[in-house]
Amino acid sequence: GSTNILDSEILSQRLTDTRGRSISCYDILMSIMVATNSTIRQREGQWVVYNKLEHELRTPTIFFDKVERGAIRTIQPVASSVGIYKEFGGSKTYPENYNFKSGGVGWTVNYPEEISASFSSNNILGFDVLTSGGGYQPVYGDETNNPHVVIYGFRGPLNYLKSEDIPVPSGYTNEVDIRLDINASAPIWNFGSHQRVSVFAVKGEQTQVLTSNGFVDISKSSESEYIHTLQFEAGVVLAGELARVDTNSLALSGKLSDSEGLDGYSVHIRLYSSDRAYATIINFASINFAPTGDNPKGDLYKTTQGSNFTKQHDVETTIFGDYITSGLNGYFYKYPIDDTSNLFLPNGELASPAWATIFDTTKRPLLHHISRQKSRLFSVAHDILRANINVESFDPLAVFQDCKGGKYVVVSASFDFLRSEVDVELEQIAYDNTILKRDFIYSYFGEGESNIKSIGGIAGGGGGTGGTGGGGMTSEQLEMLTNLASWWKLDEDNDAIYSEKSIYSLKEVSAYGLGSGGGPGGGIIEAVYGYNNLGQTFNNATLTDTFNAYTINQINNRLLS
């Protein structure tokens, strides 16, 4: 069988992080466009997504032999190199319910007779020492989006809240770095407060615990070494007042190794009760796995061409791509097999580097194909034409042809229906299939590239230089996204999204896609019904010559949900 790239799935954890930061919808959509070499625009009230190179296969539908006024011709030079940067998001966060958004799912009270765990999403105003429950119980305010668990009970080595068992992900052979992150809150009181936590690694009868010196066999370590403490502020609580809330965090890491392999190991977190008579709040407690040693920030796919060209195309960034284990013409370093930027097939399997297109049937990583496609779009100098042209009707997906047979695709346009003329920016369709090319796939550590940008600012371990820190949208794009909900409606008879307002003349949603950069328009993966074409699709492993339509609604369900 085959899989269309728009049927792929991603981990929702790539879009947010434990600090509450998230990637904007604009950047998510832009990543999809970069990862498929596609653009998005509106045609006849419907949103259309299409691959740039495939679009150039279309038969011209608008012919012109002269321009009316304002003609400006510029030359787009050959790009000596183009590239795609897949920015890692860091390994998946475990357990699934690390932040208690699903209440107590996956967490178990080990000694319910002496310890309790309750879950809430309300704001904590303070702690009241005189409540009927005793022990500085929290006093709640309004509902929030930040759930937590309240732990209260007697101190004891068996009095803890335990996470589900987390198997060490496949792909780690003999060693793996394991990191614990915990964020907790407690009342300020005279003697100070603290929260205790430990990490266990278990394989059969063998148990290792995380200490300040890494993982150690439990028989060789005392409780004081593997039960770690978060300290909170000390302070006086006046009679009749609530104890203030202090919040603190703790990060611990250690290398788990076994010469016989890590298969069969599982890891879990234990959250203990305090050794004093007060409740503590756990906002999140998480585990992450990573290869030992330095970890790259992402994978860089580049294609160089020619021998004496100087123009370098901007390296575009995406947060989606295949999991790969080797590079090409460059140094490659291992990264987490459960990195949140990895693509998944609809059956839940990791997407492998086995994609094919109608332009290249060789099985390659998805972004390798995209890098080669971008190089083809800029393989020969070609014209950028700005002019006013008389046309009876205008189609933003049209291919133009001049009197000498030159073909063009639309970059941006403004159509005057009354005068039947269009102010248009066109890019010539031209490329050199014989130009010498060389491909590179290597690990990127944040050095040696000046034109790589981070997306959203929440990349695991940091992104590239010049990061936007979350969005980087223009005021027009922000306004457009704010109003999309009221613009879009669903035509249930045709399963397509249509709009009451036309915005295809905005450059932000022109043939270059959302934002700047890219190349001329390409092949069709469109949501337009009743529009005949012989569009092809990206497919994993094998090709198909049947046309497939994917609405923006389907893209949302498959890729963003």
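The values are calculated or read from the model by the stated rules, or taken from the named source; none is laboratory data. Just so we're clear, the structure is a prediction, and the values are computed from it rather than from any experiment. Neighbour counts run over all protein chains shown; Cβ positions are idealised from the backbone, glycine included. The accessibility values were calculated without ligands, DNA or RNA, using every heavy atom of the protein model including side chains. Shrake-Rupley method; radii C 1.70, N 1.55, O 1.52, S 1.80 Å.
Worth a mention:
- For the peptides 181-187, 359-365, 427-433, residues were scored by their other Cβ atoms within 10 Å and the scores averaged per peptide; the highest-first order is 181-187, 427-433, 359-365.
- Cross-link partners for Lys52 among the aspartates and glutamates, with Cα-Cα distance under 14 Å and sequence neighbours closer than 8 places in the same chain left out: Glu427, Glu526.
- Low-density loop positions, trypsin sites (Lys or Arg not before Pro), segment 1-95 - DSSP coil, at most 12 other Cβ in 10 Å: Arg19, Lys66
- For segment 85-173, the solvent-accessible area with a 1.4 angstrom probe is 48 square angstrom per residue.
- Set of aspartates and glutamates with alpha-carbon distance to Lys437 below 18 Å, sequence-local pairs under 8 removed: Asp314, Asp360
- Loop sites in segment 237-329: trypsin sites (Lys or Arg not before Pro), DSSP, at most 16 other Cβ within 10 Å: Arg244, Arg276, Lys311
- Part-to-part distance (alpha-carbon centres) for segment 267-331 and segment 39-77, which is given in Å: 38
- Taking amide H as placed 1.01 Å from N in the peptide plane, Ser341 has its amide H under 5 Å from the amide H of Gly89, Gly90, each at least 5 places away in sequence or on another chain.
- Rounded, prolate or oblate (a/c below 1.5 giving rounded, otherwise prolate when a/b exceeds b/c) for segment 135-222 by Cα gyration tensor: prolate
- Other residues with beta-carbon under 13 Å from the beta-carbon of Asn390 carry, at +1 per Lys or Arg and -1 per Asp or Glu, a net charge of -3.
- Cross-link pairs Lys220/Lys297; Lys363/Lys453; Lys92/Lys255; Lys255/Lys334 - those with Cα-Cα distance over 25 Å: Lys220/Lys297; Lys363/Lys453
- More than 22 angstrom apart: percent of Cα pairs within segment 330-458: 60
- Accessible area of segment 228-288 divided out per residue, in Å², using a probe of 1.4 angstrom: 45
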